[in-house]
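Quick notes on the structure that follows.
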Amino acid sequence: MVTQILKEEGILPLIKVRKEMIELAGGKGANLGELLSQGIRVPPGFVITSKAYSYFLDYNGLREKIISALNLSPDEASKVIKNLILSAKLPPDLEEMINSSYNELANMAGKEVLVAVRSSATAEDIENASFAGQQDTYLNVNRSNIIEAVKLVWASLYNERAIEYRKSKGIDSSKVEMAVVVQKMVNSKSSGVMFTLNPSNGDRNLIVIESSWGLGEAVVGGKVTPDEIVISKSNLKILDKRISKKNLKIVYDKGRNIEVHLEGEESEKPSISDEEALELAKLALKIEAHYGTPMDIEWAIDSDLKFPDNVFIVQARPETFWSSRKKEDVKVEEKPSERKVLVKGLAASPGIASGKARVLLDVKDAKEFQKGEILVTKMTDPDWVPVMKAASAIVTDEGGITSHAAIVSRELGIPAIVGAKEATKVLETGQEITVDATRGVVYDGKIILEEPKQESHTSTGSLGLSRDAMLSLFPVTGTKIYMNLGQPDVIEKYLDLPFDGIGLMRIEFIVSEWIKHHPLYLIKIGKPEEFVNKLADGIARVASAIYPRPVVVRFSDFKTNEYRGLIGGEEFEPEERNPMIGWRGVSRYVSQQYEPAFRLEVRAIRKAREDMGLKNVWVMFPFVRTSWELNKAIKIMEDEGLTRTPDFKVWIMAEVPSVITMADEFSKMVDGFSIGSNDLAQLTLGVDRDSEILGRMGYYDERDPAVLRSMRRLIRVAHKYGRTVSICGQAPSVYPEVTEFLVKEGIDSVSINPDTVIYTRRLVASIEQKILLRGIK
Ligand code: PEP
Ligand code: MG
């Protein structure tokens, strides 16, 4: 017979316990439950509450017996009472509840598990518990001895010293109660320590993880040289990794911990994956935020459970050595003047990374590339993307901030410097370098650099909060904050960012990386559906992840030279002298040659919207030059069954100056415009956007008054016709002053790179407030 109270409060999963519940769950249980509620993952378990203990006493009629035994001397009383407790039987219903809670832990692991059974003193007895060192803990307890261990912990309430202590304080020993915490023993695949500062110099911008195989004693006891991972707190990126040769591990085997000698692969490979290290870093941030001071943390990764549920914190205490020093005493970098600059270039994707350089001139040699190396090459194209994904940083000789290398690395969140001219000549494979892609400088050797404070906008700061809770941390803006995206799979990484939609989804990445074949070639070999399905899948990946926020999908905007690179492309693509202003954008869709392929693009949009129900998919036409061509293209789209409706918006890019000159005409044809400042600056100023010479001379600049005036004119005319204006070129991601200009001019949305979303949302909010407060316009 289980009493109602026992049913509800006899046993509590740790996850349900909160810090106020000391009376019921004891201090340890309350503390662990509170940590869990803050998202700080500790090994799973349950609390056998003080109510359960009380029920056990009553069931066995022990209260009277304990009271009378307490009249004896403390040592006699202790012996008698402990014996009473140990020889008493657990009420069958309580025993059943303990067993079924144990079963839940075993089910979670999919096998029998070992547990730790620990005392957890309640309010009346907490002081005594700490005074008397009453920390009875039984480790590696299994199913058959768990009940025995629980009774031993209960009995420890009547240790001789505890009885003496209470007597001296006038506390009635017959009234004290105890809770017991049962936690899964971590079956440590690997474990170690972690600091929320750099333990070698006190730099609080870093998290340093030390890791080795097996149980934590190997690292804590200094028996191995652990692997070391350094992570930047501001953007949770791995800055440095040092993998050591680990010559032993400690494992639990048949009742004891033993040392196992390691050699070969296991000794040399990393004992922690990047994914696990980043998960630990997230937990470290939460712990530091919870305690409000740098922390020294012990952690373990459980091989019985699945990631990320297997990444555990087993101990956390304030870090004392550096924390007690004044902040000014902590020098991050001793002598900046002694740093040796190897090359400089354009800071294309912010961040800092150190590691070994790998100079690769031809993508055919990609197999030489080792994960985590720094890729040094001339310029990238879609074939390079797999290598880029494995790189810790990228340096290219060529390219500007809108080049392939720049755009892809920004999306991937990999530090990148482009246009570094002689990087492939100056840097050598195997050379240890530090890439400061926030400032555009490559240094010799490994240097610890501080990220500028403003760069913290790269961090999503996700602390396991719900999206709504995350959003509430950021200001509401009247101007919508959209994000640019090209690679569908990276959307997962940015889901926590406070963006209102995707303002430019480039489909070129889906075509070059997923589809790989030229659409006309697929039609020729009778596989047009392959194009439609894969394109629809890529779009749907993003649209469903952020539903119902809009995704503005841009029809393809490859240039002929880029289309030629697709499988089967050569047959269909002429060699143009100047592809940048050649057969591009809408001019392709209305040509006899490409029209059938354009129809496939439209069908993919229709599939996503109608078959997959993703009504948040809108479209955008790139490189529009004239109203007649746009008219024709819209007709083809309608012929394929896609017509503008209030929930299907059609935008065009404003990047050829004629669109701005004729903005009134275009306003009659579409719902909105998005400024392509990359091409608009190129075509307004007559400057090839990829020309390094003109770039270096300062000609290519979206802030040029001629470009700004065009943008202003477009906003005014479009608004007169009730159309919206956005911007999806790089300008607002790079120049806050352009964002400020456009917000003041009343732009409806800005679409920026993922790494500037948080920063831009705050910036836009502050500009809007200024407009409201001062009435400036
Ligand atoms: C632009 O021109 O600003 C733009 C966003 O398009 P792309 O860079 O793809 O030409
Ligand atoms: Mg463009």
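Close amide-amide hydrogen proximity is noted between Ala420 and Leu346, Thr396, Asp397, Glu398, each under 5 Å apart and 5 or more residues distant or on a separate chain (H modeled in the peptide plane; Pro and chain starts excluded). Each Lys and Arg adds +1 at its Cβ and each Asp and Glu adds -1 at its Cβ; summed about the Cα centre, the chain shows a dipole of about 1380 debye. The residues of the chain present an accessible area of 42 Å² per residue when probed at 1.4 Å with all protein chains retained.
For the chain, the pair-distance distribution built from all alpha carbon pairs, in bins 20 Å wide starting at 0, is 14, 38, 29, 15, 4, 0 percent.
Near Leu248, the amide H atoms lying under 5 Å from its own belong to Leu262; only residues 5 or more places off or on other chains count, and H is placed 1.01 Å from N.
Adding -39500 (n - 2.57) for every DSSP H run of four residues or longer, then dividing by how many residues the chain holds, sets the calculated 222 nm ellipticity at -10500 deg cm²/dmol.
Here's how it looks for Gln315: its modeled amide H is under 5 Å from those of Glu298, which are all 5 or more places away or on a different chain. Sorted largest first by accessible area at a 1.4 angstrom probe radius, with every protein chain in place, the residues Arg723, Arg716 fall in the order Arg716, Arg723. Counting only protein chain heavy atoms and rolling a 1.4 Å probe, the accessible areas of Tyr55, Tyr291, Tyr482 rank, largest first, as Tyr291, Tyr55, Tyr482. Of the cross-linked pairs Lys65/Lys151; Lys367/Lys527; Lys254/Lys371; Lys480/Lys632; Lys269/Lys421, those separated by over 28 Å at the C-alpha level are Lys367/Lys527; Lys254/Lys371; Lys480/Lys632; Lys269/Lys421. Restricting the chymotrypsin sites (Phe, Trp or Tyr not before Pro) of the stretch 702-777 to loop positions (DSSP other than H, G, I, E, B) with no more than 16 neighbouring Cβ atoms within 10 Å leaves Tyr721. In the calculated pair distance distribution of the stretch 339-444, what percentage of Cα-Cα distances lie above 18 Å? Everything past 18 Å amounts to 33 percent.
Rolling a 1.4 Å probe over the protein heavy atoms of the stretch 2-184, with every protein chain left in place, gives an accessible area that is 52 percent carbon and sulfur. Pop out the carbon and sulfur fraction of the accessible area of the stretch 339-444 as a percent, whole number, probe 1.4 Å. Carbon plus sulfur share of accessible area: 49 percent. Net charge in the neighbourhood of Glu265 (other residues with Cβ under 13 Å of its Cβ; Lys, Arg +1, Asp, Glu -1) is 0. Express the carbon and sulfur contribution to the solvent-accessible surface of the stretch 582-733 as a percent, rounded to the nearest whole number, probe 1.4 angstrom. That fraction is 51 percent.
The values are calculated or read from the model by the stated rules, or taken from the named source; none is laboratory data. Everything numeric in this text was worked out from a predicted model, so none of it was measured. In this analysis, Cβ positions are derived from the backbone assuming ideal geometry, glycine residues included, and neighbour counts consider all displayed protein chains. Areas reflect the complete protein model, heavy atoms only, side chains present, ligands, DNA and RNA absent. Shrake-Rupley method; radii C 1.70, N 1.55, O 1.52, S 1.80 Å.
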